[in-house]
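First the structure, in the form of structure tokens, and then the observations on it.
The values are calculated or read from the model by the stated rules, or taken from the named source; none is laboratory data. Fair warning: this is a prediction, and the values are worked out from it, not measured in the lab. When we count neighbours, we look across all protein chains shown, and the Cβ atoms used for this are built from the backbone with ideal geometry, even at glycine.
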Amino acid sequence: MLYHAYEWTHSTIAPLRQVAEAGLKACNDPRNPWAGSLPLRTWAASLEMFETATKRYGRPEFDIDIIEAHGQPAAVRQEVVFEKPFCRLIHFRRYGEGCSEGKDPKVLLIAPLSGHFSTLLRGTVTKMLETHDVYLTDWRDARNVPVTEGLFDLEDYTEYLIEFLQHIGPGTSMMGVCQPGVAALAATALMAEDNDPCRPESLILMGSPIDTRVSPTEPTKLADEKSLQWFESNMISLVPLPNPGVMRRVYPGFLQLSGFMSMNIDRHLDAARKQFGNLVKGDGEADEAHRKFYDEYLAVMDLTAEFYLQTIDVVFQRHLLPKGEMTVRDRKVNLDAITDVPIMTVEGGRDDITGEGQTHITHTLTGGLSEDLKQAYTHPDVGHYGVFNGSRWRSTIQPKIAEFIAAHHK
């Protein structure tokens, strides 16, 4: 019923949003003699704030067309090279003098399936493309997947990663950004135990909740304090018409967004006040920066109920992977089987989502891996998102990851 109420509210507001859009065009029309006046700029700013606050944000575009690879300009084209019901594998193919096939290490970049679209990693991809051949998991919005495609849970997620690595082929490094860490580590262990030639050449885990019992944060405490039944009763809804995934059980994106916003509500309110002022003053540069950030931040996707609940259960409540009790299709995940896959972990010193040590604990859990194949790095000045995006990612963190991958590239 909650999802139906959300859709009904969105539909009810639609006429008001259309009126606001029409009013905004009239205010900004160069033929309007009062277009530049302070009262009209203030009114136009009010209309734009209403329109942006009530519209539905779809999946953003990557908009990665030109990059610099090895100091030379290169064109980039996205190609879907493998497709599953709940995910597409995208290859960012580069065309330029320094981008010959097979020259650079292949990297499978695993986008988090935790509310935002894979475009959240736009900055991550752009920087990695300078010196790597990049593939990316592009997860589908569950409300757009028909129920005839079946279910999708954490075990399916892990199997998807194995299939993607096998499709790309041997010599591929794997990078798990935040949420995928558990599945990435499990997939590596299973492939290592099978002596799969397509197992990761190296594994990089960034801000991942491998063991949330280490330095618990507010999000991990919430996940542990409530029962699984509470999450199922309060967080799960049925997708309503007219979405393609009608009747699919999901954790809705709008609920996730409300959780994201509530964690830093003062910061978002302050940003909204500043944006209103920017619009009134006509500060185009600040307006564009705000718009670019929130167009990405407010674009959220639904997760399947089974994936969401199994993640809460396995990762945040029972901690099965660090306890050595996690299974995939009734097969136990044995981290000691990882003996020849170098592992690097990256944490942010100001991360308030994945606590200190939750990712680095990986090195303690992988007892079969020699110390010379392990590396732990903490950047003291970045938070959760700064681990994989922003100036410190570009200047410090990514170069260290690139060095690690290169050191173990055959």
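Show the residue pairs meeting these rules: Cβ distance below 6 Å; 6+ apart or different chains; first residue within region 68-95 and in a loop (DSSP other than H, G, I, E, B); second residue modelled with pLDDT under 95.
Filtered contacts from region 68-95: 70/98.
Do the conditions hold for residue 103, that is, is it more than 17 Å from residue 206 (Cα to Cα) and not hydroxyl-bearing (Ser, Thr, Tyr)?
yes
Go over the candidates 369, 365 one by one and state the one that is under 30 Å from residue 386 (Cβ atoms), without any contact (Cβ under 8 Å) to a residue 40 or more places away in the chain and among the hydrophobic types (A, V, I, L, M, F, W, C).
369
Looking at region 169-220, which of its residues are within 22 Å of residue 118 (Cβ to Cβ), part of a helix (DSSP H, G or I) and of a type in the set (Gly, Ala, Ser)?
181, 183, 184, 186, 187 - these are the residues of region 169-220 that are within 22 Å of residue 118 (Cβ to Cβ), part of a helix (DSSP H, G or I) and of a type in the set (Gly, Ala, Ser).
Identify, by number, the condition in (1) assigned by TED's automatic domain parsing to the domain that holds residue 178; (2) farther than 20 Å from residue 180 by Cβ; (3) acidic (Asp, Glu) that residue 232 doesn't meet.
All conditions pass for residue 232, except number (1).
Quick one: in region 180-201, which of the residues that are touching a residue at least 40 places away in the same chain (Cβ under 8 Å) and of a type in the set (Asp, Glu) is nearest to residue 388 (Cα to Cα)?
The qualifying residue nearest to residue 388 (Cα to Cα) is 201.
For region 160-179, enumerate the residues that are touching a residue at least 60 places away in the same chain (Cβ under 8 Å), out of contact with any Lys or Arg (no Cβ under 8 Å at 6 or more places or on another chain) and surrounded by fewer than 24 Cβ atoms within 10 Å (Cβ to Cβ).
164, 167, 179
Quick one: would you say residue 148 is of a type in the set (Ser, Thr, Tyr), surrounded by fewer than 20 Cβ atoms within 10 Å (Cβ to Cβ) and part of a helix (DSSP H, G or I)?
For residue 148, the condition - of a type in the set (Ser, Thr, Tyr), surrounded by fewer than 20 Cβ atoms within 10 Å (Cβ to Cβ) and part of a helix (DSSP H, G or I) - is met.
What do you reckon, is residue 62 in a strand (DSSP E or B), aromatic (Phe, Trp, Tyr) and at pLDDT 90 or above?
In short, no.
Going through region 194-227 one residue at a time, which ones are farther than 27 Å from residue 405 by Cα and among the basic types (Lys, Arg)?
Scanning region 194-227 gives 213, 221, 226.
Report yes if residue 120 is within 21 Å of residue 395 (Cα to Cα) and among the aliphatic types (A, V, I, L, M), otherwise no.
Yes, satisfied.
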